[in-house]
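Accompanying notes for the structure given below.
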Amino acid sequence: MPLFRRAATPAPPTEGETEKKEAPARRTSSEPPPMADSKKGNKFDDDDDDDDFFGKAKTTTTRKGQKSKAELDNMSTQELENYAVDQAEETTKSVQNCLKIAEDIREDANKTLDTLHAQGDQIHRTHEKTAEMEKELSRGEKILGSLGGMFSMTWKPTKGKEIKGPEPRDNDHHGKGKEKGSKEDREKLGLEHGHKGKKGSKTAHGDPKDAMQKVEMEKEKQDDALDDLSSVLGDLKGMANDMGSELDRQNKALDNLSEDVDELNNRVKGANNRARKLVAK
């Protein structure tokens, strides 16, 4: 009967062999991972290197219609003249758009100022009615004081502060006079003034014959628009000061009106109590 020998169990690896096997793993873990080919492995890469990225950034910062230095160097004299005229016209349009926006703001400010003046007039009329009510109340208090019989005590109303009514308003800064002045200011500083200036510039120098004259004409248009813009901004500053002064006057008028209304309310309550006592008798 044949005998089968049992296979010998392998001996455990020594420390030297273990270090040899683990050495590549430790070496690879300390080294940075290899860079994959951006064109093959990275799906999210747009195949743009640093030079392309910064080059695109420079081209995107230029304004629409502007040429780069390299493009300008390759242009002919005629193309450069046409390009200068186009840029001058674009600048003129931008300045005129700024002027139009400023004039729209001034028109809204005029409406706001007119509304504030109308509100101040309403406060003034309300205070006048309060003063008239105080006069009528004084007559009623005298009648209530005389009633009650011969032997009854004379009743006198309890009065606090004197109700004088509203302070007079300055007609030079409100009402029709102000509206007339605002209208005259709008005519002087409006858009029509800018058209007149541009028309005068054209007639003074005639029609432009070459590119340089066209550029100079556009510069004159820009100067006229900038002058009008400066005038409109000055007008806006004046209206802002007028709004602040009007609001201060209205706040003061509202404080005086509130005090007079409180005083009138207390006196009305006292007169009502006196009337109820007389009726109870």
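Since every read-out is calculated from the coordinates, none of them should be taken as a lab result. Keep in mind it's a predicted model, so treat the numbers as computed, not measured. Here the Cβ is made from the backbone with ideal geometry for all residues, glycine too, and neighbour counts use every protein chain on show.
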query = Please identify the chymotrypsin sites (Phe, Trp or Tyr not before Pro) of the stretch 71-161 that satisfy two criteria: DSSP loop assignment and at most 10 other Cβ atoms within 10 Å. Which are they?
reply = PHE151
message = Using a 10 Å cut-off around each Cβ, can you sort THR154, THR92 from fewest to most neighbouring Cβ atoms?
response = THR154, THR92
remark   = Residues other than GLY145 with Cβ under 9 Å of its Cβ, Lys/Arg counted +1 and Asp/Glu -1, net out at +2
note = Here, ASN265 and ASP227, labelled 7 Å along Cα→Cβ, have an inter-label distance in nm of 5.8 nm
ask   = Points 7 angstrom from Cα along the Cβ direction at ASN273 and ALA118: gap in nanometres?
value = 4.3 nm
task = Would you tally the net charge around TRP155, using a Cβ to Cβ cut-off of less than 12 Å, leaving TRP155 out, and scoring K and R as +1, D and E as -1?
result = +3
key: Segment ASP170-GLU79, extension gain: residue separation times 0.36 nm, minus the distance between their alpha carbons   = 26.5 nm
